[in-house]
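Notes for the one structure printed next.
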């Protein structure tokens, strides 16, 4: 038992428990907060796997950005006065089928993958943690990869996001124009 | 059993060390907040031709101590209709998001709790995490004003993070690292590689001179604009006037912490003032030489060498941070508050284009160098 | 705004005005080393005080109240002739007066008016008072005045009722009996026994605090029409033996020299609390 | 959920793509109760605000938390006794209210023309001083509504000098009972005129300071210009008056258009919203009208002081304004009057009907704040929540007068 292991189990437990909250909570806000914690736990796992950049980006983008916006949306669109927003259970059969299927699939993949024999894992196991030089920043490698071999994918992703942005702006504009109430535009 | 004991000692030793450092920082934040609240009252009073706290202790110095004692002794009320778990946890989330930021802050040579390779990103990420706490507070209070405050703070975070991030990026491009300590080291006498005055190669190399001239804002003059952008955005980040929209007193009573009292309210205060100092420190680290002395070596008068060291490092960095906090206060008691959409205008149409321009300049500068 | 003036012009104005404001507030920050002295407005140096802190640390220092200051009411009962003008003019009916026709000679007031009435009751409810000063203006003998004492808050609303009468309830009852008797026998001579009292108004602190049953000191039901109250109201019955409450000295009294000379001053009637 | 199809398919409703139309994708409306305990409702006003996110859809002001039955009260009080009550209507401009009541009753008695010139000039002096004090509060709180706290305290610092002057003259700092029917409570104390002149000199640079800090500050201008635009027709239709009406561009000032006392002899400009910044009728122009009126009041004060020190209203030994008051105010039976006056907040009118006794038979007060407040929903629909506060601040209400 060393710190990495303790931390690993802590973050693992956090991830799983928060995920359970996401699934079981019928209060949408609580579920959203659970999702936030799950992603936070995953970020911790990334950090333990020496992927510091990824971990921080996970927090920045998912925790600080996406989930917050998600909750923001829930709060704005659901009834505020009165009871808290709740979800109902719908599509029981289909949901159960899909969930079971995915579960079986993942288990099969995990057991067939034989992680221990993957080259980079094997390589990593051979490094003596005490004497090895500290793992350098992954930022440079990532950057080089992104503008090197994966440039096209990077650009495509950027394009998709731009389109999404334009779409969002368009939707916002449309709804404002359709609104019957006159709104004086200021400055 | 023996191995168990060894195990626990091996386990607990470093944990205690970390906890000691954490407690040190936490108590520093608490003490600093006491002083900062007092300073804020005095600054506001003097600007408004008043006298400020005077009665509690000599020159009113114990006023904030009395206030914090009052907050500690207050009954811990939970509103009946509040979403209790969220409501209870929110102030601590907000505070820890700020608190964690201090972990990667280089206070001097070798004086940094966690020398993270991605320190800059780390702080940005947890600043975003703070918003989660505000959202929890706003929703958990089950109060419309609090909800408005939370919603506004989320709208605000999206606006200010872009220019702030771009301004930081323009430094990172030139520094070539995300490590805060390395960024600081580049701005002093120990800098590797030549550092020309105002970044112009025909001017003399000042890396041996140190002091003011090696700071980023002087080594790369365009970063002065980036610093201004960062500073304005950081005002918005810590919800200070003129961007105190989420807690706008005249509209939202107290925004997201309307319902809070007692120790929970104190934590919001700690977070607010801790955040003010934190963004000031980040600004100092990125633009103003971090813990480096502003005094240059002038021939035999080795001012920069004499004023460098762990104690000096803490002194200079905190001095720069407090200066930023003072400007925060000064601006707060001078300027009216912007409206939400005007903050958006400022962030998206004024700050962001300029910040992008600064990034472009930095990129060219970095490749040309 | 922005559309009218253009992006750059607006940016320039913004920076300029923000900077102007910051400079201005910084100047005030520096000015805070000086402070105004708490001089009264009639002092010629009032508007020549330095710029700087203006706060007056109130309990420690105060701006002097001008002589015209209209604050706590005071009735110099020796001069009161019980004409009821003040009670009648009061817009909020905060003055309650009961008079008894005197059968003996009461002397004259300081401005030479003849006194004909005992003031069995002269209560001013300062909690109701609106400080308009009308009562002091109509007072023919100028015995009712507004003093400069402005800080006289109380914990109990009953303590805001100030009693100025020059008779104790027992004495009032006595006088009332005498008056009734005199009214029944208009030609009857003044009884010997009563003549021991004529100097009562000046010889002893007639308006010293005295006990009246709580219900009587500020009867809420009588608030509406004390001015038209008959002088021989049956309500003024003798109370129980007085509780001594003279130790409750209103502290605001000492701050005004004017109030000092008027000693003995009216003291609010203080009920003893259980714990004291 | 009411648009869900047949009951059997109800549980599919949530995923029905046709159910959600673009125009339904709006946030739900929320009713926000602002007040009666709220930092910015300037008293015990309750605003029921219907909001769509940050946007105000409708505002319903709920009044009456401060109702004290002034009009009914007045029927049971003699005419001079009403003065302390009118003080408490617009408690920030008590002198102006007293002046209004006194002149209205004098008009009822038919003695308006006979008022001693010194009394008249003192009244005007006091009214204009109080106008400055009232506008200072208005400007200060308006700045605070916009988030600027410092101007508020600077304004109160200067208002304090006016209150000190008033205390010196009348004995009270807020509710003066100084202007009496036919006369005054006292003559001015000796030295008052000089001190008043010093005040004018002291105060002029402070107005400039205020302009630097607040009036032309870009953020303040952004917050207030083009916000809550009150078109002139709307202002007239709602019976707005005072700076509200002038802010919309109408040169209408009762001191000039229906003059009373010695105002015809005094020189002053009627300030209107010129749209120097923003458009006439917006919050900034209303604010600016008040700021400019302060300077005009200073002008009037200087002219009054000239007359009081050297002119027709000189101090004389035998002048006793209290003696000028009629001993009993008994207007003839059936006499009625409607008199209107330019208060800091607009047209204050008193309708008085006499039944030949010492007490009025009927009194009706037309209070400017009430009429001005009534236009609030009209101009704040479609604004943002932050604008609503600014608009309310620019209307400048005093709840004591709205509710009476």
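Report, by residue number, each residue of the stretch A:1-14 that is surrounded by fewer than 19 Cβ atoms within 10 Å (Cβ to Cβ) and in a helix (DSSP H, G or I). Before you say what the answer is, go through the steps one by one.
Let us first name the residues in the stretch A:1-14 that are surrounded by fewer than 19 Cβ atoms within 10 Å (Cβ to Cβ), namely A:1-10, A:12-14.
If the condition is that a residue be surrounded by fewer than 19 Cβ atoms within 10 Å (Cβ to Cβ) and in a helix (DSSP H, G or I), then A:3, A:4, A:5, A:6, A:7, A:8, A:9, A:10, A:12, A:13, A:14 are the ones that fit.
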Subject >> Where residue C:4 falls short, out of the listed (1) more than 10 Å from chain B (Cβ to nearest Cβ); (2) modelled with pLDDT of 85 or more; (3) out of contact with any helix residue (DSSP H, G or I) (no Cβ under 8 Å at 6 or more places or on another chain) >> reply: (2)
Original post:
Has the stretch D:191-212 got any residue that is buried (at least 24 other Cβ atoms within 10 Å of the Cβ), touching a residue at least 60 places away in the same chain (Cβ under 8 Å) and either within 14 Å of chain B (Cβ to nearest Cβ) or under 21 Å from the mean Cα position of the chain (by Cα) (or both)?
Top reply: no
Original post:
Going through the stretch D:359-380 one residue at a time, which ones are surrounded by fewer than 18 Cβ atoms within 10 Å (Cβ to Cβ) and either without any contact (Cβ under 8 Å) to a residue 40 or more places away in the chain or touching a helix residue (DSSP H, G or I) at 6+ places or on another chain (Cβ under 7 Å) (or both)?
Top reply: D:364, D:366, D:378
**OP:** Evaluate the following for residue D:321: is it within 14 Å of another protein chain (Cβ to nearest Cβ), in contact with a strand residue (DSSP E or B) (Cβ under 9 Å, 6 or more places away or on another chain), within 26 Å of residue D:89 (Cβ to Cβ) and assigned to a loop (DSSP other than H, G, I, E, B)?
**Re:** yes
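Would you check if there is a residue in the stretch C:147-156 being in a helix (DSSP H, G or I) and assigned by TED's automatic domain parsing to the domain that holds residue C:131?
Checking the stretch C:147-156: not a single residue is in a helix (DSSP H, G or I) and assigned by TED's automatic domain parsing to the domain that holds residue C:131.
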Original post:
Somewhere in the stretch D:120-136, is a residue over 30 Å from residue B:329 (Cβ atoms), out of contact with any helix residue (DSSP H, G or I) (no Cβ under 6 Å at 6 or more places or on another chain) and surrounded by fewer than 24 Cβ atoms within 10 Å (Cβ to Cβ)?
Top reply: yes
Original post:
What number of residues within the stretch B:134-165 satisfy the criterion of being under 22 Å from the mean Cα position of the chain (by Cα) and closer than 15 Å to residue B:259 by Cβ?
Top reply: 6
**OP:** Filter the stretch D:286-310 down to residues that are in contact with a helix residue (DSSP H, G or I) (Cβ under 8 Å, 6 or more places away or on another chain) and surrounded by fewer than 19 Cβ atoms within 10 Å (Cβ to Cβ) and give me whichever is modelled with the lowest pLDDT.
**Re:** D:309
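Would you check if there is a residue in the stretch B:261-272 being under 30 Å from residue D:154 (Cβ atoms), surrounded by fewer than 24 Cβ atoms within 10 Å (Cβ to Cβ) and under 12 Å from the mean Cα position of the chain (by Cα)?
Residues of the stretch B:261-272 under 30 Å from residue D:154 (Cβ atoms): B:265, B:268-269, B:272.
If we keep only those that are surrounded by fewer than 24 Cβ atoms within 10 Å (Cβ to Cβ) as well, we get B:265, B:268-269, B:272.
Filter again for under 12 Å from the mean Cα position of the chain (by Cα), leaving B:272.
Yes, the stretch B:261-272 contains at least one residue that is under 30 Å from residue D:154 (Cβ atoms), surrounded by fewer than 24 Cβ atoms within 10 Å (Cβ to Cβ) and under 12 Å from the mean Cα position of the chain (by Cα).
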Original post:
Can you pull out the residues in the stretch A:43-69 that are farther than 26 Å from residue B:155 by Cα and either free of Cβ contacts under 8 Å to residues at least 60 places away in the same chain or assigned by TED's automatic domain parsing to the domain that holds residue A:142 (or both)?
Top reply: A:44, A:45, A:46, A:47, A:48, A:49
Subject >> The listed residue being more than 14 Å from every other protein chain (Cβ to nearest Cβ), in contact with a helix residue (DSSP H, G or I) (Cβ under 7 Å, 6 or more places away or on another chain) and closer than 26 Å to residue D:183 by Cβ, out of C:109, C:141 >> reply: C:141
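Among A:97, A:48, A:142, which is the only one that is more than 11 Å from chain B (Cβ to nearest Cβ), surrounded by fewer than 19 Cβ atoms within 10 Å (Cβ to Cβ), at pLDDT 75 or above and within 22 Å of the chain's Cα centre (by Cα)? Steps first, answer last, please.
On the way: A:97 fails: within 22 Å of the chain's Cα centre (by Cα); A:142 fails: more than 11 Å from chain B (Cβ to nearest Cβ).
Checking each option against the conditions leaves just A:48.
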Original post:
What is the one condition in (1) within 14 Å of chain C (Cβ to nearest Cβ); (2) more than 26 Å from residue D:369 (Cβ to Cβ) that residue D:265 does not satisfy?
Top reply: (1)
**OP:** Would you be able to say whether some residue in the stretch D:236-251 is crowded, with 17+ Cβ neighbours inside 10 Å and over 30 Å from residue D:213 (Cα atoms)?
**Re:** yes
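Collect the residues in the stretch B:99-112 that are away from every other protein chain (no Cβ under 14 Å) and under 16 Å from the mean Cα position of the chain (by Cα), keeping them in residue-number order. Step through it out loud before you land on a result.
Of the residues in the stretch B:99-112, the ones away from every other protein chain (no Cβ under 14 Å) are B:99, B:102, B:105-112.
Listed by number, the residues that qualify are B:99, B:102, B:105, B:106, B:107, B:112.
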**OP:** Confirm whether residue C:102 is within 10 Å of chain B (Cβ to nearest Cβ), touching a helix residue (DSSP H, G or I) at 6+ places or on another chain (Cβ under 8 Å), surrounded by 15 or more Cβ atoms within 10 Å (Cβ to Cβ) and at pLDDT below 85.
**Re:** no
Subject >> Single match in C:44, C:64, C:50 (criterion: within 14 Å of chain D (Cβ to nearest Cβ), surrounded by fewer than 17 Cβ atoms within 10 Å (Cβ to Cβ), touching a strand residue (DSSP E or B) at 6+ places or on another chain (Cβ under 9 Å) and over 19 Å from residue D:85 (Cα atoms)) >> reply: C:50
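Pull up the stretch B:139-154, narrow it to residues that are assigned to a helix (DSSP H, G or I) and more than 8 Å from chain A (Cβ to nearest Cβ), then point me to the one that is nearest to residue B:88 (Cα to Cα). Spell out the reasoning first.
Step one: of the stretch B:139-154, the residues assigned to a helix (DSSP H, G or I) are B:139-140, B:144-154.
Narrowing further to those that are more than 8 Å from chain A (Cβ to nearest Cβ): B:140, B:145-146, B:148-149, B:152-153.
Numbers: B:140: 8, B:145: 18, B:146: 14, B:148: 19, B:149: 17, B:152: 21, B:153: 19 Å.
Residue satisfying both the conditions and the ranking: B:140.
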**OP:** Those residues that are surrounded by 15 or more Cβ atoms within 10 Å (Cβ to Cβ), over 15 Å from residue B:285 (Cβ atoms) and modelled with pLDDT of 75 or more, I need them from the stretch B:300-314; list them, please.
**Re:** B:312
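Residues checked against (1) within 13 Å of chain C (Cβ to nearest Cβ); (2) surrounded by 16 or more Cβ atoms within 10 Å (Cβ to Cβ); (3) out of contact with any strand residue (DSSP E or B) (no Cβ under 9 Å at 6 or more places or on another chain); (4) part of a strand (DSSP E or B):
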| residue | (1), (2), (3), (4) |
| --- | --- |
| D:39 | no, yes, yes, no |
| D:81 | yes, yes, yes, no |
| D:84 | yes, yes, yes, no |
| D:98 | yes, yes, no, no |
Subject >> Whichever residue in the stretch B:60-95 is closer than 17 Å to residue B:131 by Cα and crowded, with 18+ Cβ neighbours inside 10 Å and, among such residues, is nearest to the other protein chains (Cβ to nearest Cβ) >> reply: B:86
**OP:** Specify the residue that is surrounded by the fewest Cβ atoms within 10 Å (Cβ to Cβ); the eligible residues are those in the stretch D:326-337 that are assigned to a strand (DSSP E or B) and in contact with a helix residue (DSSP H, G or I) (Cβ under 8 Å, 6 or more places away or on another chain).
**Re:** D:336
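Could you tell me which residue of the stretch D:162-175 is surrounded by the fewest Cβ atoms within 10 Å (Cβ to Cβ), considering only residues that are within 22 Å of residue D:307 (Cβ to Cβ) and within 9 Å of chain C (Cβ to nearest Cβ)?
Start the filter on the stretch D:162-175 by keeping residues that are within 22 Å of residue D:307 (Cβ to Cβ), which leaves D:162, D:165-166, D:168-170.
Retained after the next criterion (residues that are within 9 Å of chain C (Cβ to nearest Cβ)): D:165, D:168-170.
Numbers: D:165: 25, D:168: 23, D:169: 26, D:170: 27.
Ranking the candidates gives D:168 first.
I'm checking my understanding of the structure. Among residues of the stretch D:213-229 that are within 7 Å of chain C (Cβ to nearest Cβ) and either touching a residue at least 40 places away in the same chain (Cβ under 8 Å) or part of a loop (DSSP other than H, G, I, E, B) (or both), which one is farthest from residue D:358 (Cα to Cα)?
Looking only at the stretch D:213-229, we keep the residues that are within 7 Å of chain C (Cβ to nearest Cβ), and these are D:213, D:216-218, D:221-222, D:225-226.
Restricting the remaining residues to those that are either touching a residue at least 40 places away in the same chain (Cβ under 8 Å) or part of a loop (DSSP other than H, G, I, E, B) (or both) gives D:213, D:216-217, D:221, D:225-226.
Numbers: D:213: 52, D:216: 52, D:217: 54, D:221: 52, D:225: 50, D:226: 51 Å.
For the stretch D:213-229, the residue satisfying everything is D:217.
The values are calculated or read from the model by the stated rules, or taken from the named source; none is laboratory data. Since the structure is predicted, the reported quantities are computational estimates derived from the model, not experimental observations. Cβ atoms come from the backbone with ideal geometry, glycine included; neighbour counts cover every protein chain shown.
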